[in-house]
Amino acid sequence: MARRAVPISAWAGAATAALVLMLVGLPIAAVAWRAGGWGGLGPADWAALRFTLVQAVLSAFVSVALAVPVARALARRRFRGRGALVLLMGAPFILPVIVAILGLLAVFGRGGILNGLLDALGLPGIQIYGLHGVVLAHVFFNLPLATRLLLQGWESIPQERFRLAANLGMGPREIMRYLEGPMLRERLPAALLVIFLICLSSFAVALTLGGGPRATTLELAIYQAFRFEFDLARAALLALVQLALVVSAGLVALKLGRVAAFGAGRGLIVERWDARGPGYRALDAGLLALAALFVLLPLAMVALRGLPTLASLPPQVWRAALASLGVALASTALCVAAALALASVRRNWGEMAGILGLAISPLVLGTGAFILINPLISPAALALPVTALVNALMALPFALRVIAPEYARTERDFGRLADTLGMRGRARMRYLIWPQMRGAIGFAAGLSAALSMGDLGVIALFADPERATLPLEVYRLMGAYRMQDAAGAGLLLLLLSFGLFALFDWGGRRGA
Amino acid sequence: MALEFDEITLRLGDFSLRADMQIVPERRVAVIGPSGAGKSTLLALVAGFLVPEAGQLRWQGEDITGLSPGARPVAMIFQEGNLFPHLSVYENVALGVNPALKLSAAQKAEVMRALERVGLRGMDSRRPAQLSGGQQSRAALARALVQDRPILALDEPFAALGPALKAEMLDLVREIAGERRSTVLMVSHDPNDVKRFAEEVVVVADGRAAAPQETAEIFADPPEALRAYLGP
């Protein structure tokens with residue numbers, strides 16, 4: 001029988017695990033309790049279920065299909081700015097959804113660049129609202145994610161194989177067939193699945209670009225049942241359907257094996273001898289330029305349109321910004337502490353937590369929390385604390401993904417030494433875990449702060465006119481057609497999200 | 001009162017190790033045997049990283065089988081990774097006195113004395129990366145010194161050093177063990193080191209740790225398991 005290394009504190013880890021389970025379990029129990037019978041699904045609810053599935057499948061396939069050539073181009077080319085491009089592909093992950101929507105509207109919307117071009121050419125304009133708009137926004141977020149996941153796959157092919165292929169005189173076609181093809185067959189299902197899971201719980205995108213009977217996701221239907229009809233039983237029933245959907249998809253993912261890991265895409269450069277012809281070069285250069293433009297242009301438009309009003313934003317925007325900062329910092333502290341405690345009790349949380357995190361939707365948790373709180377006090381009074389808590393829960397899987405492997409490495413390298421010296425609790429934390437892991441902790445804190453800063457989910461359920469986070473305020477300004485102010489507030493949100501991420505990440509790496 | 005292995009059986013997957021013997025205090029004992037036979041496992045058992053399936057480990061008559069590594073009468077030096085790279089040499093050694101680095105003035109002086117004893121005077125504020133391999137081993141030894149535990153367990157501690165440096169370190173350990181009257185258990189795969197350093201030898205082979213024998217005796221007439229290991 002082998003003994004495990006001594007964790008920081010076994011009871012703290014176990015208590016955290018229990019607390020997390022309770023925080024997830026209680027709202028779900030509340031939802032199940034309030035949901036009135038299974039017969040209650042109306043035609044609109046079935047339409048929402050159908051739309052949720054259709055848009056998630058489409059988003060996953062389009063994102064991955066486009067990511068394959070982009071990742072291949074990134075993998076086989078070396079050029080100045082390649083590292084920056086890989087980094088740029090990581091940006092949408094921490095980009096607030098509402099900011100991305102603002103940017104996409106500025107490019108693809110009614111008064112956007114694309115329609116301006118079409119109009120100048122005398123062609124009919126395009127509409128961004130509806131299914132294709134929702135899919136477009138999801139591709140904007142997930143094409144970069146898929147590119148990074150697949151780039152990881154390319155980096156996993158040993159350099160020697162490419163050398164051997166070059167020696168055998170293989171061209172791009174043969175390399176695709178013998179090297180890249182097998183890798184893709186192994187990696188594509190995981191990438192598809194992860195994006196499908198993410199899109200199943202799409203709320204903010206559907207809220208802004210979808211809507212109506214033909215483009216409503218389940219999450220959006222929960223929100224509408226809540227806000228417009230104030231039909232708690234129906235919201236709870238829909239939440240239950242959403243839960244069943246994501247949990248069964250998550251279980252399929254578990255059955256199929258690994259869900260693709262996040263992060264990665266180190267920007268490793270592998271020497272390649274194939275695809276050197278000018279045609280291939282032009283193809284890859286064009287693909288990379290398009291991908292970069294697709295990500296950069298909306299961001300640039302937000303900056304461009306927001307800059308003029310940034311200095312003269314109405315006071316409620318600054319109030320919301322302050323509230324958001326508070327929520328983000330509180331949620332980050334909770335999330336990182338929980339991740340460290342969980343990583344110290346079990347080393348294999350990563351996989352399970354990753355799937356759980358994708359599967360549990362903030363709207364379901366929010367509905368449950370509302371049902372629990374409502375009889376006691378006005379839920380609006382607790383809007384910000386509940387948002388911070390749910391944000392911490394939602395960011396926990398990502399933080400665990402970063403922290404758990406580093407924790408395991410630290411314990412593997414130094415755990416026995418610390419054990420013989422009797423280093424436990426605070427001493428172990430201060431003299432072993434923190435100095436060894438500050439880079440990972442900083443990165444995890446940055447992720448969690450940015451995710452919380454940009455989250456537009458639970459707060460939409462809970463808030464009253466008095467209270468708002470910055471993303472909600474941006475959404476309200478958009479709804480009031482105050483697009484100038486919305487652009488300025490959007491830029492502020494963008495700066496705060498990226499700023500918080502950069503600050504934590506830098507703080508962790510500094511002197512490490 | 002000795003370090004007693006009382007009918008100990010340890011199982012790790014399909015690997016198992018049995019030990020039923022005792023080690024006399026204040027002796028320097030080498031643990032040798034083919035790789036994979038369980039030399040390091042035996043040390044991990046003594047240091048408390050592994051708990052046996054059956055049997056008892058006793059020190060001076062007291063059962064220590066269930067004690068955590070930090071609570072055992074054992075100071076350990078590993079093959080590598082003996083120092084935390086992010087802490088200074090002083091801090092690394094001071095952890096041996098107090099794992100939360102809260103030291104009295106007298107204890108600080110003791111740490112400095114230990115550094116001096118192993119020949120690292122003036123190196124206390126350096127980081128491990130700024131030390132040579134030999135100096136890193138000395139720092140680890142200084143910590144074992146201040147830990148002041150009766151048993152010193154060394155798991156191929158100087159394997160990364162060249163022959164001359166290794167001999168020097170072994171002599172230093174022998175001196176210090178003599179001064180402190182420590183019981184030393186050292187895993188080694190080099191018969192020359194064993195002859196130079198150890199008074200007794202424990203052979204670990206075929207899933208069993210044999211009782212210690214005098215070094216000179218055992219090399220004069222090696223048992224079957226050791227003969228196969230040493231080769232012609």
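Readers should treat all values here as calculations from the given coordinates under stated rules, not as data from a laboratory. Predicted, not measured: the structure shown is a model, and the values here were computed from it. Note that we place each Cβ from the backbone using ideal geometry, even for glycine, and neighbour counts take in every protein chain shown.
Shape descriptor for segment A:365-512: Rg over Rh equals 1.11 (Cα atoms; Rh from the Kirkwood inverse mean 1/r).
Fewest first, what order do A:LEU243, A:LEU74 take by the number of other Cβ atoms within 10 Å?
A:LEU243, A:LEU74
Of the trypsin sites (Lys or Arg not before Pro) found in segment B:171-210, those in coil by DSSP whose Cβ has at most 16 other Cβ atoms within 10 Å are B:ARG181.
Structural descriptor for segment B:94-232: relative contact order 17 percent, calculated from alpha carbon pairs under 8 angstrom and at least 6 residues apart. Between segment A:461-503 and segment B:128-147, the alpha-carbon centres lie 56 Å apart. Note on segment B:104-232: semi-axes of the ellipsoid equivalent to its C-alpha gyration tensor, largest first and rounded to whole Å, are 32, 16, 11. Taking every alpha-carbon pair in segment A:69-138 and binning the separations at 5 Å intervals from zero gives 4, 13, 17, 16, 15, 16, 13, 5, 0 percent.
Taking Lys and Arg as +1 and Asp and Glu as -1, the other residues whose beta-carbon sits under 11 Å from that of A:ALA418 total 0.
Sites count as exposed loop sites when they are GluC sites (Glu not before Pro), lie in a DSSP loop, and have at most 16 other Cβ atoms within 10 angstrom; the longest stretch of chain A without one is A:1-228.
Here the gap between A:ALA47 and A:LEU322, fully extended at 0.36 nm per residue and compared with their Cα-Cα distance, gives a gain of 95.1 nm. Distance between the pseudo-spin-label points of A:GLU186 and A:GLN159 (7 Å out from Cα toward the beta carbon): 1.9 nm.
Would you mind counting up the charge near B:ALA164? Only other residues with Cβ under 13 Å from its Cβ, with Lys and Arg at +1 and Asp and Glu at -1. That works out to -1. Restriction of the chymotrypsin sites (Phe, Trp or Tyr not before Pro) in segment A:185-229 to DSSP coil positions whose beta-carbon has at most 14 other beta-carbons within 10 angstrom yields A:PHE228.
For the protein assembly as shown, the Kirkwood hydrodynamic radius comes to 29.6 Å, computed from all pairs of different C-alpha atoms. Computed on the Cα trace of segment B:76-156, the radius of gyration divided by the Kirkwood hydrodynamic radius gives Rg/Rh = 0.92. With Rh defined as the Kirkwood radius, the inverse of the mean 1/r over Cα pairs, the Rg/Rh of segment A:369-447 is 1.20. Of the DSSP H helices in chain A, those with a Cα length along their own long axis of 18 Å or more and a mean Kyte-Doolittle hydropathy reaching -1.0 comprise A:10-34, A:43-76, A:131-155, A:181-200, A:232-256, A:278-310, A:315-345, A:383-420, A:434-454, A:483-509. Treating each Cα of segment A:132-232 as one equal point scatterer and applying the Debye formula with no solvent, the log10 of I(q)/I(0) at q = 0.15 Å⁻¹ comes out as -0.72. For B:ALA153, the residues whose modelled amide H falls within less than 5 Å of its own, excluding neighbours fewer than 5 places apart on the same chain, are B:ALA75, B:MET76, B:ILE77, B:LEU185.
Secondary structure note: in the protein assembly as shown, about 50% of the DSSP beta bridges are antiparallel. With an a/c value of 1.5 or above and a/b larger than b/c for the gyration tensor axes a ≥ b ≥ c computed over the alpha-carbon atoms, segment A:409-466 is described as prolate. Would you please give the FRET efficiency between A:GLU466 and A:LEU26, computed as 1/(1 + (r/R0)^6) with r the Cβ-Cβ distance and R0 = 25 Å, to the nearest 0.05? The pair A:GLU466/A:LEU26 has a calculated efficiency of 0.40. Where does the Debye-calculated log10 I(q)/I(0) of chain B sit at q = 0.08, 0.12, 0.14, 0.15 Å⁻¹, using only Cα point scatterers of equal weight, no solvent? Reported log10 I(q)/I(0), two decimals: -0.29, -0.66, -0.89, -1.01. Here the Karplus relation 6.51 cos²θ - 1.76 cosθ + 1.60, evaluated at θ = phi - 60°, turns the backbone of segment A:461-467 into coupling constants of 6, 8, 5, 10, x, 6, 10 Hz, with x for every Gly and Pro.
In segment A:460-506, the alpha-carbon atoms span a convex hull of 74 Å³ per residue.
The trypsin sites (Lys or Arg not before Pro) found in segment A:412-505 that occupy coil by DSSP, while having at most 15 further C-beta atoms within 10 Å, are A:ARG482. Taking a Cβ cut-off of under 12 Å around B:GLU116, the surrounding Lys, Arg, Asp and Glu residues balance to a net charge of +2, with basic ones at +1 and acidic ones at -1. Here, P(r) means the percent of Cα pairs in each 5 Å bin from 0 to the largest distance; for segment B:119-171 it is 4, 17, 31, 23, 18, 6, 0.
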